[in-house]
């Protein structure tokens, strides 16, 4: 898999983690389970800032732009479709065994696409 | 029962990282996905260890790398340093990122919290895989599912 694509997927998961700890329902459940969430959010944000620096400026910019617009910048392709907007993706790209070796974007919504291995 | 899980009742791992890798290896996912999930789970542990009642650890996250709630349960007779406390039971779960939000994740957090609250002491003493899964309100995932 393209290293920048890996980083973008991880950045997305990190953003989900931050969003989750910002949700009262999730924080309450975690506390109910006996977990301590104090300080975790700030620490995650710090880790995110550092992680962002390792991502190419072009992809980081696109990621931020897509996140602002859609709420999610990276989506998996499923049965030949972008799961963000359900557009059918080009067959040549979907059938390429090396499709994850470069970053592809959806021709309609522009989201960053990856194929689950 | 509503939730299915894979289970390794005799974990061999001697560290948190290895235990997470050992449990992730039970899932039918690709190597790269496993690697990225291990990283996400490790980040979550770094900002606050997920050790709860009676030496149980609950490594968890939500990820776009999976498409359904994915649960693995592990047990170690010798215990695993997590890293400050030793844990004997590990319930690892990853929820998918869905358009309609984290409802499924919140629901499962509630489920597992209630099981631990009601049966935490029993979970710590179980001697059989089926008993452990039963106390956690889980059923064993059939092979090939």
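Derivation of every value follows stated rules applied to the coordinates shown; laboratory data play no part. All of these numbers come straight from a predicted model, not from anything done at the bench. Here the Cβ is made from the backbone with ideal geometry for all residues, glycine too, and neighbour counts use every protein chain on show.
Label 7 Å along Cα→Cβ of residue B:42; region B:78-118 residues with amide nitrogen under 15 Å?
B:83
Based on the alpha-carbon gyration tensor of region A:7-83 and its eigenvalue square roots a ≥ b ≥ c, which shape applies: rounded if a/c is under 1.5, prolate if not and a/b is larger than b/c, or oblate?
In terms of gyration-tensor shape, oblate.
Can you sort A:3, B:86 from fewest to most other Cβ atoms within 10 Å of each residue's own Cβ?
By the 10 Å Cβ count, ascending: A:3, B:86.
Just checking the output field for B:40-51: average partner chain Cβ neighbours within 10 Å of each residue's Cβ?
5
I'd like to compare B:97-103, B:134-140: which one has the highest average count of other Cβ atoms within 10 Å, and what's the full order after that?
Packing order, densest peptide first, comes out as B:134-140, B:97-103.
Relative to the longest principal axis of the C-alpha atoms of chain A, give the angle of the C-alpha long axis of helix A:57-70, reported between 0 and 90° and rounded to the nearest 10°.
So the inclination is approximately 80 degrees.
When N counts the residues of the protein assembly as shown, how does its alpha-carbon radius of gyration compare numerically with 2.2 N^0.38 Å, as a ratio?
It is 1.02.
How much mean residue ellipticity at 222 nm does the protein assembly as shown get from its helices, if each DSSP H run of length 4 or more adds -39500 (n - 2.57) and you divide by all residues, to the nearest 500 deg cm²/dmol?
Theoretical 222 nm ellipticity from helices: -14000 deg cm²/dmol.
Output the antiparallel fraction of DSSP beta bridges having both residues in region B:1-123, as a percent to the nearest 5.
Bridges in region B:1-123 that DSSP calls antiparallel: roughly 55 percent.
Quick one: check the C-alpha center-to-center distance for region A:74-98 versus region B:114-142, whole angstrom.
Region A:74-98 and region B:114-142 have Cα centres separated by 40 Å.
Just rank B:39, A:33, fewest to most, by other beta-carbon atoms within 10 angstrom.
By the 10 Å Cβ count, ascending, the order reads B:39, A:33.
Just to confirm my numbers, what's the Cα centroid distance between region B:1-31 and region A:21-73 in Å?
That distance is 25 Å.
Spin-label point model (7 Å from Cα, Cβ direction): what's the residue A:68 to residue A:37 distance in nm?
So the two model labels end up 2.8 nm from each other.
Calculate the translational D of region B:3-139 in whole µm² s⁻¹ from Stokes-Einstein, where the hydrodynamic radius comes from the Kirkwood formula applied to all Cα pairs, the temperature is 25 °C and the viscosity 0.890 mPa s.
It comes out at roughly 165 µm²/s.
Treat the count of other C-beta atoms within 10 Å as a stand-in for reagent exposure and order B:2, B:129 from fewest to most.
B:2, B:129
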